[in-house]
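J.: What follows is a single structure, and I will ask about it in a moment.
The values are calculated or read from the model by the stated rules, or taken from the named source; none is laboratory data. Given the structure is predicted, the values throughout are model-derived calculations rather than measurements. Here Cβ is always computed from backbone atoms with ideal geometry, including for glycine, and neighbour counts include all displayed protein chains.
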Amino acid sequence: MSHITEAGKTPLPERQPLDVTLRHETVQVGRWDTVSWKLDGVQLGGDGPMSGSTEVDGDRIIHHGIQLRLYRDQVDEYHYNLQSETPRLFVICTVDPTDGSLDPRLATLSHVEAADYMETEEEVLSCPVEGDVRDWIEAWTLLAPVPAPERKKKRRHRSAPSE
């Protein structure tokens with residue numbers, strides 16, 4: 001689905017599939033070994049035959065076709081994130097209770113949306129926004145039509161009731 005842009009500008013899709021690479025390592029916590037997951041990288045993906053599949057490469061798992069969806073009403077949040085010292089992309093994952101593996105579900109650029117998922121049972125990982133992913137997001141935010149802010153209404157002065 002494309003959003004409407006100004007005349008002469010090419011519309012960009014509101015969704016972009018990503019290839020998300022997770023890396024796991026075994027760490028010792030006290031006397032117990034546990035698996036720790038890290039977001040190893042994110043790249044623009046495609047909607048081709050690889051979408052929805054996973055590849056295992058040693059301690060890395062590449063998930064293809066994870067959707068990054070941008071919303072026009074959150075453009076200010078995206079600009080805020082992109083202007084920060086280290087812009088972050090957040091990947092929301094479901095934890096498999098049997099083996100502790102992570103299944104990435106979606107990606108977001110919004111700190112607020114990521115915080116909402118952190119309050120649930122979902123695991124939220126983040127990494128710096130770099131390369132072609134950052135280029136696509138910046139282009140989208142520049143072309144996204146932003147709803148006009150509501151105008152402030154003038155207050156009417158009320159005179160004191162006369163006696």
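J.: Assigned to a helix (DSSP H, G or I), modelled with pLDDT of 90 or more and surrounded by 18 or more Cβ atoms within 10 Å (Cβ to Cβ): is that true of Ile92 in this structure?
T.: Against the criterion (assigned to a helix (DSSP H, G or I), modelled with pLDDT of 90 or more and surrounded by 18 or more Cβ atoms within 10 Å (Cβ to Cβ)), Ile92 does not qualify.
J.: Identify all residues within the range 110-143 that are farther than 13 Å from Gln16 by Cβ, touching a residue at least 24 places away in the same chain (Cβ under 8 Å) and assigned to a loop (DSSP other than H, G, I, E, B); write none if there are none.
T.: Ser110, Glu121, Glu122
J.: Among (1) more than 18 Å from Val129 (Cβ to Cβ); (2) in contact (Cβ under 8 Å) with a residue 12 or more places away in the chain, where does Leu68 come up short?
T.: So Leu68 meets the others, but not (1).
J.: When you look at Thr86, is it assigned to a loop (DSSP other than H, G, I, E, B), modelled with pLDDT of 90 or more and of a type outside the set (Lys, Arg), yes or no?
T.: Details: assigned to a loop (DSSP other than H, G, I, E, B): yes; modelled with pLDDT of 90 or more: yes; of a type outside the set (Lys, Arg): yes.
The answer is yes for Thr86.
J.: I've got another one for you. Residues in the range 132-150 that are at pLDDT 65 or above and either over 23 Å from Gly46 (Cα atoms) or touching a Gly at 6+ places or on another chain (Cβ under 9 Å) (or both): how many?
T.: So the answer is 1.
J.: For the range 80-109, what are the residues that are of a type outside the set (Asp, Glu) and more than 23 Å from Arg23 (Cα to Cα)?
T.: Tyr80, Asn81, Leu82, Gln83, Ser84
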